[in-house]
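Note sheet for the following structure.
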Amino acid sequence: MTAAARPAPRIAITPQPSQYLLETVAAAGGTVVPPSEPADGLIVDFGADKASVKSILDRNPGIGWIQLPSAGIEAYAEALAAHPDRTWTSAKGAYALPVAEHALALALALLRRLPERVRATSWGTPSGTSLHGLRVLVIGAGGVGLETVRLMKTFGTYVTVLRRQDIPVPSA
């Protein structure tokens with residue numbers, strides 16, 4: 001069967017399809033269907049009731065692929081255990097860059113005492129600490145942790161990474 005003759009995959013989205021997900025599925029050549037109809041795949045968006053995922057899969061044996069909204073899959077353990085034969089994907093790594101950037105922004109804001117400075121009505125006395133050359137502790141060496149290390153190193157920091165496994169982290 002040629003690609004042109006293949007039917008468009010039917011994708012269910014729970015809880016409610018956002019405009020972005022509707023457009024994304026359509027751009028990839030899929031068709032969005034309600035979770036109550038036969039589907040080939042299921043996209044679980046943020047805000048979905050975790051128990052509903054198992055229920056949807058129980059009622060719809062044709063769903064062969066499930067996309068979870070986050071890197072963590074623990075909340076879906078019951079559904080995973082009940083349907084191990086299906087293909088499960090997570091968002092591991094999808095948020096590494098923006099979350100690490102946010103962590104850096106918060107660190108800089110606190111070092112420069114921005115919460116206090118925002119409320120100030122005069123220049124006050126010079127204060128704040130530069131990130132350059134400081135010691136930084138990063139907890140975890142997943143996607144967010146590794147990206148945080150990379151960003152912190154641009155400031156000439158000395159980075160220590162605390163992680164479960166005794167595996168070295170490059171540049172930390």
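The values are calculated or read from the model by the stated rules, or taken from the named source; none is laboratory data. Keep in mind that what you see is a predicted model, and the values were worked out from it rather than measured. In this analysis, Cβ positions are derived from the backbone assuming ideal geometry, glycine residues included, and neighbour counts consider all displayed protein chains. Please note that ligands, DNA and RNA were not included when accessible areas were found on the heavy atoms of the full protein model with its side chains. Shrake-Rupley method; radii C 1.70, N 1.55, O 1.52, S 1.80 Å.
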What are the residues in region 142-159 that are open to solvent by 80 Å² or more (accessible area, probe 1.4 Å) and in contact with a strand residue (DSSP E or B) (Cβ under 7 Å, 6 or more places away or on another chain), if any? Tyr158
I'd like to verify a number: residues in region 83-100 that are more than 10 Å from the chain's Cα centre (by Cα) and surrounded by fewer than 13 Cβ atoms within 10 Å (Cβ to Cβ), how many? 4
Give region 59-82 a look and list any residue that's in a loop (DSSP other than H, G, I, E, B), open to solvent by 50 Å² or more (accessible area, probe 1.4 Å) and modelled with pLDDT under 95, or say none. Ala71, Ile73
Residues in region 24-34: is at least one over 30 Å from Ala141 (Cα atoms), within 18 Å of the chain's Cα centre (by Cα) and not acidic (Asp, Glu)? yes
Restricting to region 19-40, and then to whatever is surrounded by 13 or more Cβ atoms within 10 Å (Cβ to Cβ) and in contact with a helix residue (DSSP H, G or I) (Cβ under 9 Å, 6 or more places away or on another chain), can you tell me which residue is nearest to Ala79 (Cα to Cα)? Pro35
Output for region 1-26, where each listed residue is part of a helix (DSSP H, G or I), among the aliphatic types (A, V, I, L, M) and more than 18 Å from Ala91 (Cβ to Cβ): Leu22, Ala26
In region 145-172, which residues are among the acidic types (Asp, Glu) and within 21 Å of the chain's Cα centre (by Cα)? Glu147
Members of region 45-78 found to be within 17 Å of Ile11 (Cβ to Cβ) and aliphatic (A, V, I, L, M), listed by number: Ala48, Val53, Ile56, Leu57, Ile63, Ile66, Leu68
Scan region 27-47 residue by residue and report those that are over 19 Å from Ala5 (Cα atoms) and in a loop (DSSP other than H, G, I, E, B). Pro34, Pro35, Ser36, Glu37, Pro38, Asp45, Phe46, Gly47
Would you say Ile56 is under 20 Å from Tyr95 (Cβ atoms) and either open to solvent by less than 50 Å² (accessible area, probe 1.4 Å) or assigned to a strand (DSSP E or B) (or both)? no
Expected single match for farther than 24 Å from Pro170 by Cβ, surrounded by 12 or more Cβ atoms within 10 Å (Cβ to Cβ) and free of Cβ contacts under 8 Å to residues at least 60 places away in the same chain among Arg119, Arg113 is Arg113
